[in-house]
Amino acid sequence: MTHQKIQSRIAFLRTTLKTHKSSIDMEGYHCITNPYYGELFNQKKAAITELQEAIDIVKASNSELNNKYNELLAENDGLRKKNSELEGQIQLLSQADQTKTSHESFIRELIENCNKMTLNDDKMKSEYETQIKQLKSEYETQIKQLQERESKMKPEYEAHVRQLQERNDKMKSAYEEHINQLQEEANELRKEAKSANDEASGYQAALGSATNVRWSDSTFNNPIQLTKDIEKFQHLLADFTKVKGKSVKIDEDAAKRLLTKYECKANLNSKEIKNYLAAALQRMILEAIFNIADNLYRSAENSETFSDGRLESYIVYYTQKLVKFTNLLAKNREGKDSITNVTPIKIRQQVYAALGSRGFAKSNHSYMKKLVNDLVSKMEKYREVVDEEKKKTLHSEAEKIIRTGMQLWFCLKAQEPVPKIHWFKSGAHIETHLMVGSWESENIKENEVDFAFFPLIIAQNDTQDSQVFNKAQVFIRPKQTGKFQKIKGYLF
């Protein structure tokens, strides 16, 4: 064992004596398996451990010293603060002593000043009492002088007041008299103004009435009443044109010719043809009445002498002339009045309103007799009344139909604007807002007008607003194709 240690030592020395760049290289050169090297390494490690323990002990001792040092510093800071507080208290006490000294000095000065002011007050009091006595004496003297002056001026003042009162009474009386006169004049002026105002209101009302072309609701020519009159006339006409029953015999061939004239294309049996014939007769009568009314002026135009039977014709004829010339007056003559422009309208309205009320309203009217005979003759071409009782009333009923129809036409001419009479052509589209008939709403597009037996009566103004007085009454049929192509448009 000893021999091995010696050999290890020799090997270590050999390697150690070689040249190395650093101790690390030298240590790395030794074989770590050399026992001698391992022993040295363990000794080195033990020495390092011992040294580290010594260092830790020193550090611990140093930490305790630091703690004690910090405690001493903290205690020193506390003592410094207490010292500062004591110095502040000393300064406050010093200031208090100074303040006390200054206050005592100030109090002494105040006492001295008060003593001086007391002496001055006594002196001033004496002076003030003297001045008050002087002022009192002067005041009493002035009062005596004023009283003496007042006693002298009072009689003069009272005399002056009496004079003013008398003058005021005279002026008041004069003013009251003048006011009464002015009030009387004002009352007279009020009466004159009221009279003038009433007169002006009358003129204004007359002018307003003269320039207003709308019929009031209280007149029989107002649109609402006219619509009701048209409905009544429809019922009267439907009753007059009845062809059903044993009291009436119809000519079917003539009826078919009449329906063909109105382009009716319905395939009718014996029962259906009566309904269509009654409607066709209504249209025939209406067209005859409206045609007579449209040409009523011709009777006067072609006549050389006046007769009572042509009275309505003359009125229509000269009304047309007067309307024409008043229109020329408004167009060809200068002026700023508002009545001239409406004069033609007012003339037409008033004349036709009068005719609508009294036109042909006379028993045994010669012209009416002729119209009745013509109408009855036309009706007999299509139907024959076989009942004797019915025959007796036939002419009177026809006269009522013609007179009512003519008066209705006159009332339409009295409207502003004048309504138009539209007959829908056969084949026209169905327009539910302008016509009435028997149809289902879902089948409207599949049908068209067969023929109209009562016209559409409609008025349109300059703003294109329309007023429907009466919808057209129509029969309908399925739409025609091929040679029966539907006819479009209206016949006015």
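Coordinate-derived values only; no laboratory data. Quick caveat, the model's predicted, so the values are computed rather than measured. A quick note on method: Cβ atoms are made from the backbone with ideal geometry, for glycine too, and the neighbour counts reach across all protein chains shown.
What number comes out for the charge environment of Arg162, summing +1 per Lys or Arg and -1 per Asp or Glu over other residues with Cβ under 12 Å away?
Details: positive: Arg167; negative: Glu156, Glu158, Glu166, Asp169.
Cβ neighbours under 12 Å give a net charge of -3.
Do any chymotrypsin sites (Phe, Trp or Tyr not before Pro) in the range 373-455 lie in a DSSP loop with no more than 10 other beta carbon atoms within 10 Å, and if so, which? Nothing satisfies the criteria. As a rough footprinting exposure proxy, the listed residues Met124, Met406 were ranked by other beta carbons within 10 Å of their own, and the order from fewest upward is Met124, Met406. Residues whose amide H lies under 5 Å from that of Val248, counting only those 5 or more places away or on a different chain, are Val386; hydrogens are built 1.01 Å from N in the peptide plane.
Working note: Karplus 6.51/-1.76/1.60 with θ = phi - 60° gives the range 383-400 the couplings 9, 10, 8, 9, 7, 5, 5, 5, 4, 5, 9, 5, 5, 5, 5, 5, 4, 5 Hz, where Gly and Pro are set to x. For the pair Gln147 and Phe306, the difference between a 0.36 nm per residue extended length and the Cα-Cα distance amounts to 45.8 nm. Taking amide H as placed 1.01 Å from N in the peptide plane, Ile476 has its amide H under 5 Å from the amide H of Ser438, Asp450, each at least 5 places away in sequence or on another chain. Each residue of the range 326-333 was assigned a 3J(HN,Hα) from its phi angle through the Karplus curve 6.51 cos²θ - 1.76 cosθ + 1.60 (θ = phi - 60°); the sequence is 5, 5, 5, 4, 5, 7, 9, 10 Hz, with glycine and proline shown as x. Taking 16 Å as the straight-line reach from the Cα of Lys381, the aspartates and glutamates in range (excluding those fewer than 8 positions away in the same chain) are Asp251, Glu252, Asp253.
Put in order of Cβ neighbour count within 10 Å, fewest first, the listed residues Asp465, Asp229 become Asp465, Asp229. For GluC sites (Glu not before Pro), the sites in the range 218-289 that DSSP calls loop and that have at most 16 other Cβ atoms within 10 Å are Glu263.
Neighbours of Tyr318, meaning other residues whose beta-carbon lies under 14 angstrom from its beta-carbon, give a summed charge of +3 when Lys and Arg score +1 and Asp and Glu score -1.
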